[in-house]
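Here's the structure, in structure tokens; my notes come after.
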Amino acid sequence: MADGMVKKLPKDMLVYIILILPVKSLLRLKCVSKFWYTLLNSSTFVNLRVNRTTTTNAEIILFKRSFKEEPNQFRSIMSFLSSGHDNYDLHHVSPDLDGPYLTTTSSCICHRIMGPCHGLITLTDSVTAVLFNPGTRNHRLLQPSPFGSPLGFYRSIRGIAFGFDSVANGHKIVRLAEVRGEPPFYCFTMREWRVEVYDLSTDSWREVDNVDQHLPYVHWYPCAELFFKGASHWFGSTNTAVILCFDMSTETFRNIKMPDTCHSKDRKCYALVVMNDSLTLICYPYPGCEIDPAIDFMEIWEMKEYGVNETWSKKYTITPLAINSPLAIWKEHILSLQSISGHLISYDLNSDEVKELDLHGWPESLRVTIYKESLTLIPKGSEH
């Protein structure tokens, strides 16, 4: 009877009413009737919810860490955290979830969390990739890349990206691969760049034609890959330090110069985040090096006009902290970091307050991403 009354409401009013409901409530509605199931699965409703205006209070922290269970075997835990309206003390908003796959030592330390992109994230190392919706908790293991190397050569994955092609209207995973000669033939002159693209819409891998062979050498850091303004970003170096960009729609590369004070031999590591809707660069001392308090500051730079190198502006200079890496910026001024010992730290950019939180994992295994709950469906894989 209630379902019948709902059907009599104007569709626009109905959509407006349920648009603000949390994902957990919407998932329950899906089970009520075919009408609700069809409406909530429609691309129109899903896109409206993704694009609706929300506040930072609607953001949730996905915190992933690993614990060693036996040699070369780890258990990964994903926690879903938030805070109250007037404070920043984190609490769990739903039960923890065991992270699928990525259980070896290398996967534990060198994995990425990329996204969110329309509510989806990708968990990946250089081989395995898992597509995950933290709002619905659905996930799917993606088929591995089929590309190998000729005899006598080695294929090394230098950069991985996850983003959205607005022209083709689909998500993509991109792998930047370096093919080089193996010992005893190893030689930098025997090197070629390849770009592998996985289209979620077709559930298939392909290689990009005519790849620029003069790309900068790509460096990996725990908070390095970022999808922003339709492009994925990595750190690279030639004669200077640059941010290498890959446009998801045109599948072409370009470089963004880093601030003049940043260069490839400055004993610094780098992280990329979005702050105040701007591309933001974090420079921090290399983990494990002896810190000189007089010079080894952490710096945060904001690019006021995206793609315009001259608009880099230093926003913060922070007293050196003994950290492994930055992880994310939350609510525009809470910087999350992982300590050398594997604890989660928060740093308030407004007050300079530092807190070590009661959240920890295996050193170097901590990852954080900030997301808003979404009903975005994970495409089903093909039969092959």
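How high is the relative contact order of the chain? Use alpha-carbon pairs under 8 Å, at least six apart in sequence, and give a whole percent.
Averaging sequence separation for qualifying contacts and normalising by length gives 15 percent for the chain.
In the stretch 273-381, how does Rg compare with the Kirkwood Rh, expressed as the Rg/Rh ratio over alpha carbon atoms?
Radius of gyration relative to Kirkwood radius: 1.02.
Charges at C-beta only: +1 for Lys and Arg, -1 for Asp and Glu. How large is the resulting dipole of the chain about its Cα centre, in Debye rounded to 20?
The dipole magnitude comes to about 1240 debye.
Post the alpha-carbon centroid distance, the stretch 62-84 to the stretch 326-381, in whole angstrom.
12
Label R206 and H91 with points 7 Å out from Cα along Cα→Cβ: what is the distance between them in nm?
Distance between the two pseudo-spin positions: 5.0 nm.
Label the stretch 297-355 by shape, choosing from rounded, prolate and oblate, from the square roots a ≥ b ≥ c of the eigenvalues of the Cα gyration tensor; if a/c is under 1.5 it is rounded, and otherwise prolate applies when a/b is larger than b/c, oblate when it is not. Working shown, then result.
On the way: a/c = 2.13, a/b = 1.99, b/c = 1.07.
Prolate, since a/c reaches 1.5 and a/b exceeds b/c.
Length gain on complete extension for the stretch V32 to E356, per 0.36 nm per residue less the alpha carbon to alpha carbon distance?
Extending this stretch completely gives an extra 112.2 nm.
Which whole-angstrom value gives the distance between the alpha carbon centres of the stretch 218-277 and the stretch 104-181?
Their Cα centres are 18 Å away from one another.
Determine the dipole magnitude for the stretch 152-280: charges of +1 sit on the beta-carbon of Lys and Arg, -1 on that of Asp and Glu, nothing else is charged, the reference point is the Cα centre, and the result goes in debye to the nearest 20. Walk me through the numbers before you get to the answer.
On the way: 14 positive and 16 negative charges, 99 e Å.
In total the dipole reaches around 480 debye.
When the convex hull of the C-alpha atoms of the stretch 177-313 is computed, what volume per residue in Å³ does it have?
154
Beyond a 19 Å Cα-Cα separation, which of these cross-linked pairs lie in this structure: K331/K355; K24/K229; K229/K304; K268/K304?
Numbers: K331/K355 16 Å; K24/K229 30 Å; K229/K304 13 Å; K268/K304 23 Å.
K24/K229; K268/K304, as the Cα separations exceed 19 Å there.
Under a crude label model (7 Å from the Cα following the beta-carbon direction), how far is H214 from S249 in nanometres?
2.7
Given N residues in the chain, what is Rg(Cα) / (2.2 N^0.38 Å)?
1.03
So, by mean Cβ neighbours within 10 angstrom, what's the order for 305-316, 162-173 with the highest one leading?
Numbers: 305-316: 13.5, 162-173: 17.9.
Answer by packing, highest mean first, reads 162-173, 305-316.
Which shape class, rounded, prolate or oblate, goes with the stretch 325-381 when its Cα gyration tensor gives a ≥ b ≥ c as root eigenvalues, a/c under 1.5 marks rounded, and past that a/b bigger than b/c marks prolate?
It is oblate, given that a/c is not under 1.5 and a/b is not larger than b/c.
Select from V308, L321, S79 the residue farthest towards the positive end of the dipole of the chain; place +1 on Cβ of Lys and Arg, -1 on Cβ of Asp and Glu, and compute about the Cα centre.
Farthest along the dipole direction, towards plus: S79.
Taking only DSSP H segments of four or more residues, each worth -39500 (n - 2.57), what value at 222 nm results for the chain once the sum is divided by all its residues, to the nearest 500 deg cm²/dmol?
-3000 deg cm²/dmol, from helical runs alone.
In nm, give the distance between the simple-model label positions of D277 and L349, each being 7 Å from the Cα along the Cα-to-Cβ direction.
Result: 1.6 nm between the two label points.
Applying 1/(1 + (r/R0)^6) with R0 = 45 Å to the Cβ-Cβ distance of S237 and A58, what FRET efficiency is obtained, to the nearest 0.05?
0.75
Per-residue HN-Hα couplings for the stretch 199-209, Karplus 6.51 cos²θ - 1.76 cosθ + 1.60 at θ = phi - 60°, whole Hz, x for Gly and Pro?
9, 5, 5, 10, 6, 8, 9, 8, 9, 7, 7
Calculate, for D292 and K68, the FRET efficiency according to 1/(1 + (r/R0)^6) with r their C-beta to C-beta distance and R0 45 Å; round to the nearest 0.05.
Numbers: r = 33 Å, r/R0 = 0.73.
Efficiency for this residue pair is about 0.85.
Each reported figure results from applying straightforward, stated rules to the coordinates on display, with no laboratory input. Because the structure is predicted, anything quoted here is derived from the model rather than measured. Cβ atoms come from the backbone with ideal geometry, glycine included; neighbour counts cover every protein chain shown.
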